Amino acid sequence: MRYTAKAVIGANYGDEGKGLMTDYHIAPAGKDGIVVRFNGGAQAGHTVTTPDGLRHVFSHFGSGTLAGAATFLSRHFVCHPSLFLKEAHALTAAGVALPPVFVDERAPVSTLYDILLNQVVERHRGAGRHGSCGMGFGETIERNLDPAFALSVGDLRQGSAYLLNRLAAIRADYVPRRLAALGIAALDAQDAEWLASDEALQGYVHAAMQFRRATRCARPEVLNAYKQVVFEGAQGLLLDQERGAFPYVTRSHTGIRNALEVAGEAGIGTLDITYVTRAYLTRHGAGPLAGELPGKPHAGIEDPTNVANEFQGTLRFAHLDLDLLVQTIRADFADALACPGVRATLNLAVSCLDQVGPAVSFVEDGRLRSAAPDALAAHLARRLDAGVLYTAWGPSRATVRASARDTAFVSSITTSTHNKDVPESLVF
């Protein structure tokens, strides 16, 4: 067993600040560091802003790229050749020198037909949408369950002729069968034309071959060549395929489980886990959101990343529920504690504290309360018995402050008069 690796896990519905904390943890190592994408796929949107103002929303590359860190796409990450190339072009156009990208040959690969199926079925659901991003992630997982139509990064190494034949079979046999299983009798004219397009098929094959050449196949042992490893989670714990509110979940383990598997293969025996939350709760896409508010809970909230789109609508808001948050984090951390041969520590990061003003509202014990932003963060860290508390007061790593468990925080929390209770002061 070797050094301690770090892991960054979103504690809510995504959009918590995982990109920020990944960049913060990997930046001291720079090119001697590597970021592991261990779940999800290119539907992620992790924003990193450097201290000098360069901003990028990462989807396929690890969020340590601007700091010079390499990326490892694990076998649990769904690769999307076209979107990888699009992001690579955007990064190079911004003057970023691309660090190495390693890919586990077992990682599944999305096709253009997975995207088509995803978007068709989500539109077909109408008001009953599941909140999909429309980028084919779940459909890729579904298709890869059938060995006759599965496609992995290792398959791309067999060349364009093999890929053309596999895609032709997916188009001719799998897509009609999947549409029937979804209860969709026929495609509209535009979608049918796109499905039949040989030009689109050839374009995808070209992108897949470029992706193969731009990346290096490797197994988790490659992590041992780097001084610092950061496991970067995607989505959030409340979207986990087993613990979230089905069917409004992602087809992925969004917590520490996959990272534990990859760390085990690499011989990493200690994981320093940081669970990330905003100072308020957000959800982008369909699904339950307890206590949903009609708008932003604080006037200073800004979010240029989560723009409105056809499949996920606009960003939704609620007050942070501390009891739910603590329960969710503890349930995931229990997976790490139960993993043989792995030592795990729990840390907490609270982001967007600069956006909430002098007092932030939250829910605890079923009551609406308020506190100074730093006091809320400290109170939550103590409830979780977190080893380190990170507080972020802006979009870049330069705004992150770290406090050890023994740091003393004293402030007050007041119960909202909406509950007609006598205001109470808490010292913590």
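The values are calculated or read from the model by the stated rules, or taken from the named source; none is laboratory data. In this text, all values refer to a predicted model and were calculated from it rather than measured experimentally. When we count neighbours, we look across all protein chains shown, and the Cβ atoms used for this are built from the backbone with ideal geometry, even at glycine.
Couple of notes before you dig in:
- Which numbered condition L271 misses (of (1) more than 30 Å from S361 (Cβ to Cβ); (2) in contact with an Asp or Glu (Cβ under 8 Å, 6 or more places away or on another chain); (3) part of a strand (DSSP E or B)): (2)
- Residue count for the range 184-195, restricted to those that are in contact (Cβ under 8 Å) with a residue 12 or more places away in the chain and outside any loop (DSSP other than H, G, I, E, B): 3.
- Test: residue in the range 78-90 that is farther than 30 Å from E292 by Cβ, of a type in the set (D, E), over 19 Å from the mean Cα position of the chain (by Cα) and surrounded by fewer than 24 Cβ atoms within 10 Å (Cβ to Cβ): no
- Residue within the range 91-104 that is surrounded by fewer than 19 Cβ atoms within 10 Å (Cβ to Cβ) and either under 17 Å from the mean Cα position of the chain (by Cα) or within 30 Å of F246 (Cα to Cα) (or both) present: no
- Residue within the range 323-340 that is in contact (Cβ under 8 Å) with a residue 24 or more places away in the chain, assigned to a strand (DSSP E or B) and not polar (S, T, N, Q) present: no
- Only listed residue being free of Cβ contacts under 8 Å to residues at least 60 places away in the same chain, assigned to a loop (DSSP other than H, G, I, E, B) and out of contact with any Lys or Arg (no Cβ under 6 Å at 6 or more places or on another chain), chosen from G255, G244: G244
- Single residue of the range 234-287 satisfying the filter (among the acidic types (D, E) and out of contact with any Phe, Trp or Tyr (no Cβ under 9 Å at 6 or more places or on another chain)) that is farthest from R369 (Cα to Cα): E265
- Across the range 172-214, the qualifying residues are those that are among the basic types (K, R) and farther than 18 Å from S82 by Cα, and the one among them that is surrounded by the most Cβ atoms within 10 Å (Cβ to Cβ) is R178.
- Test: I26 is under 18 Å from A402 (Cβ atoms) and either at pLDDT 95 or above or not polar (S, T, N, Q) (or both): yes
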